[in-house]
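Peer 1: Below you will find the structure I want to go over with you.
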Amino acid sequence: MSSFSPHRSGPPSGRFLQMLRAEWVRFRSARGRVLAVAASVLVTVSLGLLIAGGAHSACVTGTGEGPCPPPLVGPDGTAVRDKYYFVHQPLKGNGSITARVSDMTGQIRLPDVVPGVRNVKEGVVPWAKAGLLVRQSLKQGSPYAAVMLTGDHGVRMQYDYVHDVPGGPHNGPQWLRLTRSGDTITGYESDDGKTWTEIGTAELTGLPETVEIGPFATSPGALWDMAQAFAQTTATFDRIELRGANGSWRHDDVGVVLESDGRTPHHPGGVVESGDKLIVTGGGDIGPATVEGGLRADLMLIGGAVGLIPLLVAAVTFVTAEHRRRPTRPGPPAEPHQGEPHRGEPHPARLLAARAAVVGVVAFVAGLVSSGGVVPAGLAMLRANRNPVQPITPGTELRMIVGYAALTAAAAVLALGLAALVKRAVVAVGLAVVLVVVPYLLATAGLAPWLLMITPAAGFAITQSVPTFAHVDVGPSLLAGYHPLPPWAGLAVACGYAAFILGSAMAASRRKVPHAVHAD
């Protein structure tokens, strides 16, 4: 029971601080709650380090099997994919290229119906790409801008891997145009080659005087069972017009890898020149490498949901344990306000606010210790084991660490509010787990990821170390890095739930004592 003295007086802020001190003493005096906080830290850190220690990557290259190379990075440091077939000419100074994409087909490998017999069908994946490209050089990861027709997302202009500007919907053969004026690249589209619509512009700072320009084709793999299978696309380009370049076409399968024999290209692209047509076939992708770019830092917090459970229990029992042992006062209740606190006792709503503050701070510190330990230590272990690791900036790592602590605090306050509303520990813990932990576990397994938009589990978005890019398809699983909400939006959902439930509990406590006279 709270050790609040009925004879203390002073300003409201001083009395609230007295309540805070009293509730802090009561929280830490219960060995079970202290052990629950320690267990939360231990579970989160142990699971994260177990994942980091057990991760060992190997790649087959032209020199045989060995450690995987470090991720390829783009101009802003993001891990990227840069594989495509490119038919190009050097463009010196300003100029442009115009062409019509008259046809776009492809092949997709689906799950084998007969074991060992490849199941390949005609078609293109949604983000298959065929269009016009200008880039600084053929070096992978270098700046570029492109206007393209996609498999299922219409016309787009994309540049420097992470930027995507939508154009119009695809409705038959499309005319595309790219112009260069200094460092400014502008993309256009047209249905008839006469009326042109600007899609967008890209500033590629530091472009050299001579760049490479021409048509390209590529296609990411087909997604099934949270894995990728081979896919490629073939596009026919005609009505090609160049301004500022008039050389012969050069052919490059940019980023192609070799089989283990060191000589045979793995899934090579190609081009067929037929009159004024170029029929270009390619596979791969130009864009962010959300999965292929290495192991992600947020995997170190994959055990965070399980680690929250002991904290939720501690927050619930902070309310329900005191409620169970509150003694029944002798004598008839005071008239005319039955159920009101006796003179000198703190108001239940303010007492609940003090308990929420204590639980929130304790949970925040526990979450900070957990994430602040497991994220840098786990990343160090991954690198020590020679795993490719997704690039992460200090700002992103700090946001993950502090954000997970904030999520932990919000979840604990939510559990405390539920306990104050339902007055039953088992029910309150069950509700908290169902709202916070279960949606996360389901999303990890690739089930019902939409729950991460409408439940407090949305707060786990704050831990994502790689953004969910709209122009990259990934499996609907947290293991694949999928989050339906941006980091801060997800945390805002969790905090909104906590504030609403705590506010409801405080309002309910006020309704029980409508006219009480209090010393605080």
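Peer 1: Would you pick out the residues in segment 453-510 that are at pLDDT 90 or above, of a type in the set (Ser, Thr, Tyr) and buried (at least 19 other Cβ atoms within 10 Å of the Cβ)?
Peer 2: Thr455, Thr463, Ser465, Tyr497
Peer 1: State the number of residues belonging to segment 53-76 that are modelled with pLDDT under 80 and not in a strand (DSSP E or B).
Peer 2: So the count comes out to 2.
Peer 1: Looking at the structure I just gave you, is Asp238 among the acidic types (Asp, Glu), more than 36 Å from the chain's Cα centre (by Cα) and either outside the structural domain of Leu447 (by TED's automatic domain parsing) or closer than 21 Å to Ser142 by Cβ (or both)?
Peer 2: Numbers: among the acidic types (Asp, Glu): yes; more than 36 Å from the chain's Cα centre (by Cα): yes; either outside the structural domain of Leu447 (by TED's automatic domain parsing) or closer than 21 Å to Ser142 by Cβ (or both): yes.
Against the criterion (among the acidic types (Asp, Glu), more than 36 Å from the chain's Cα centre (by Cα) and either outside the structural domain of Leu447 (by TED's automatic domain parsing) or closer than 21 Å to Ser142 by Cβ (or both)), Asp238 qualifies.
Peer 1: Val43 versus (1) modelled with pLDDT of 90 or more; (2) touching a Pro at 6+ places or on another chain (Cβ under 8 Å); (3) outside any helix (DSSP H, G or I); (4) more than 30 Å from Leu278 (Cα to Cα): which is the lone unmet condition?
Peer 2: Against the list (1) modelled with pLDDT of 90 or more; (2) touching a Pro at 6+ places or on another chain (Cβ under 8 Å); (3) outside any helix (DSSP H, G or I); (4) more than 30 Å from Leu278 (Cα to Cα), Val43 comes up short only on (3).
Peer 1: Another question, then. Return the pairs, sorted by first residue and then second, in which the second residue is surrounded by 11 or more Cβ atoms within 10 Å (Cβ to Cβ) and of a type in the set (Lys, Arg), the first residue lies in segment 268-280 and is touching a residue at least 24 places away in the same chain (Cβ under 8 Å), the beta carbons are less than 8 Å apart, and the residues are 6+ apart or on different chains.
Peer 2: Filtered contacts from segment 268-280: Asp276/Arg239.
Peer 1: Only one residue in Ser46, Ser29 is out of contact with any helix residue (DSSP H, G or I) (no Cβ under 9 Å at 6 or more places or on another chain) and assigned by TED's automatic domain parsing to the domain that holds Phe318, so which one is that? If you could, list the steps in order and put the result at the bottom.
Peer 2: Numbers: Ser46 fails: out of contact with any helix residue (DSSP H, G or I) (no Cβ under 9 Å at 6 or more places or on another chain).
Ser29 is the lone residue from the list that is out of contact with any helix residue (DSSP H, G or I) (no Cβ under 9 Å at 6 or more places or on another chain) and assigned by TED's automatic domain parsing to the domain that holds Phe318.
Peer 1: For Gly417, all conditions in the list (1) surrounded by fewer than 18 Cβ atoms within 10 Å (Cβ to Cβ); (2) under 17 Å from Val313 (Cβ atoms) hold save one; what is the number of the exception?
Peer 2: Tallying (1) surrounded by fewer than 18 Cβ atoms within 10 Å (Cβ to Cβ); (2) under 17 Å from Val313 (Cβ atoms), Gly417 fails exactly one: (1).
Peer 1: Inspect all residues belonging to segment 144-159 and state whether any of them is of a type outside the set (Lys, Arg), over 25 Å from the mean Cα position of the chain (by Cα) and surrounded by fewer than 16 Cβ atoms within 10 Å (Cβ to Cβ).
Peer 2: No: zero hits.
Peer 1: Would you pick out the residues in segment 33-73 that are closer than 25 Å to Ile401 by Cα and among the small types (Gly, Ala, Ser)? Spell out how you get there, then give the answer.
Peer 2: Kept after step one, since they are closer than 25 Å to Ile401 by Cα, are these residues of segment 33-73: 33-56, 70-71, 73.
Correct list: Ala36, Ala38, Ala39, Ser40, Ser46, Gly48, Ala52, Gly53, Gly54, Ala55.
Peer 1: When you go through Ala420, Ala448 one by one, which is the residue that is in the same structural domain as Phe500 (by TED's automatic domain parsing), aliphatic (A, V, I, L, M) and in contact with a Ser or Thr (Cβ under 9 Å, 6 or more places away or on another chain)?
Peer 2: Numbers: Ala448 fails: in contact with a Ser or Thr (Cβ under 9 Å, 6 or more places away or on another chain).
Selected residue: Ala420, the only one of Ala420, Ala448 that is in the same structural domain as Phe500 (by TED's automatic domain parsing), aliphatic (A, V, I, L, M) and in contact with a Ser or Thr (Cβ under 9 Å, 6 or more places away or on another chain).
The values are calculated or read from the model by the stated rules, or taken from the named source; none is laboratory data. A quick note: this is a predicted structure, and the numbers were derived from the prediction, not measured. Because the Cβ atoms are built from the backbone with ideal geometry, glycine has one as well, and the counts that use them run over all protein chains shown.
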